[in-house]
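The values are calculated or read from the model by the stated rules, or taken from the named source; none is laboratory data. Please read these numbers as outputs of a predicted model, since none were measured by experiment. In this analysis, Cβ positions are derived from the backbone assuming ideal geometry, glycine residues included, and neighbour counts consider all displayed protein chains.
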């Protein structure tokens, strides 16, 4: 299905004293991947929020395979799992410059109406870009 790839250079502040990326920072890399996936479809997350739709993460699973280190350029491949309904699910593969898999992940986000704080169906403008 629909995917996007984003490159990120690991910053010093994302690492521990050994120069290895702290495991919690991978969630931020996934967020960058999701936002760039939306941007590639010409969808602005900022505008979506202004229009009353928010997308909180309801599930996150990461499997770590190998460490990323300071100044590495990593590639975050973000792939849509299926056509969204009231939620949207992504799979990720984070690789280094040699193509080695550093981590794989899955996230599920729920579409929430900002005014009611209740779940809603995926907005039509997103579905139209996917079909």
- Query: Any residue in region 82-92 that is within 30 Å of residue 20 (Cα to Cα) and out of contact with any helix residue (DSSP H, G or I) (no Cβ under 7 Å at 6 or more places or on another chain)?
  - Reply: yes
- Candidate set from region 45-64 (those that are over 14 Å from the mean Cα position of the chain (by Cα) and surrounded by 13 or more Cβ atoms within 10 Å (Cβ to Cβ)); member that is nearest to residue 22 (Cα to Cα): 64
- Message: For region 1-19, which positions are touching a helix residue (DSSP H, G or I) at 6+ places or on another chain (Cβ under 7 Å) and in a strand (DSSP E or B)?
- Response: 4, 6, 8
- Tell me, please, whether a residue that is touching a residue at least 40 places away in the same chain (Cβ under 8 Å), within 18 Å of residue 127 (Cα to Cα) and loosely packed, with under 14 Cβ neighbours inside 10 Å can be found in region 16-36. no
- Query: Before we move on, is residue 79 within 15 Å of residue 4 (Cα to Cα), at pLDDT 95 or above and in contact with a helix residue (DSSP H, G or I) (Cβ under 9 Å, 6 or more places away or on another chain)?
  - Reply: yes
- Message: Restricting to region 92-131, name every residue that is crowded, with 16+ Cβ neighbours inside 10 Å and free of Cβ contacts under 8 Å to residues at least 24 places away in the same chain.
- Response: 93, 95
